[in-house]
1. Is it true that some residue in the range 91-105 is at positive phi, crowded, with 18+ Cβ neighbours inside 10 Å and either touching a residue at least 40 places away in the same chain (Cβ under 8 Å) or part of a strand (DSSP E or B) (or both)?
2. Can you name every one of the strands (runs of 3 or more DSSP E) wholly within the range 20-77 that holds 2 or more residues which are over 24 Å from W109 (Cα atoms) and among the aliphatic types (A, V, I, L, M)?
3. Is it the case that the range 33-50 has a residue that's among the aliphatic types (A, V, I, L, M), in contact with a Gly (Cβ under 7 Å, 6 or more places away or on another chain) and without any contact (Cβ under 8 Å) to a residue 60 or more places away in the chain?
4. From P113, P137, which residue is assigned to a loop (DSSP other than H, G, I, E, B) and either at pLDDT below 95 or under 28 Å from D50 (Cα atoms) (or both)?
Amino acid sequence: MESADSLYENVRSIRLGEGKRLWLYKGDEPFLSVDINIPQCFFDAILFKDYLVIGNYFEGIYFINLDDLKIRNIKVTGYFGHFEVEKDRLYVLGCEDVMAFDERMELLWQSEPLAVDGVVCDAIDGDRMVLSCEMDPPGGWVERVISLKDGSILK
């Protein structure tokens, strides 16, 4: 029987920073460890299609291909806020805008600026995303609606 320590000895690892370690498992077996900087504020990590996607405040978005472990980093305007997934699209909500990516992590569109200090998804309704957008901090939230087809502002 393997010891717990030996289970982790030969795991592939990626170092993007220090202070926080993420573990990815295939079944009960550790598959990958990723070291990242400790997030100051907003942080999220999700599996989307064949990628581990990490959003880390001012560092932006890391796309890690789980087949070959190639890494891509995309900077966001201002800071990373949240992920939303709808069907085969990944939406990245940031300080000012929304970006849409396909299953290969190719940028489909980036909205024009929607806010000055935060964009939050309230709902996805068909081909529209309803957003709360901070325009006058603190507390100056306004509702906006964008098209999921091209990111254009509908309201």
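1. yes
2. Correct list: 29-37.
3. Taking the range 33-50 first, the residues among the aliphatic types (A, V, I, L, M) are 34, 36, 38, 45-47.
When the remaining residues are screened for being in contact with a Gly (Cβ under 7 Å, 6 or more places away or on another chain), the result is 36, 38.
Applying the additional criterion that residues be without any contact (Cβ under 8 Å) to a residue 60 or more places away in the chain yields 36, 38.
Scanning the range 33-50 turns up at least one residue that is among the aliphatic types (A, V, I, L, M), in contact with a Gly (Cβ under 7 Å, 6 or more places away or on another chain) and without any contact (Cβ under 8 Å) to a residue 60 or more places away in the chain.
4. Working: P113 fails: either at pLDDT below 95 or under 28 Å from D50 (Cα atoms) (or both).
Of P113, P137, the one residue that is assigned to a loop (DSSP other than H, G, I, E, B) and either at pLDDT below 95 or under 28 Å from D50 (Cα atoms) (or both) is P137.
The values are calculated or read from the model by the stated rules, or taken from the named source; none is laboratory data. All figures in this text were calculated on a predicted structure; none of them were measured in a lab. So basically every Cβ, Gly included, is an ideal-geometry build from the backbone, and we count neighbours across all protein chains shown.
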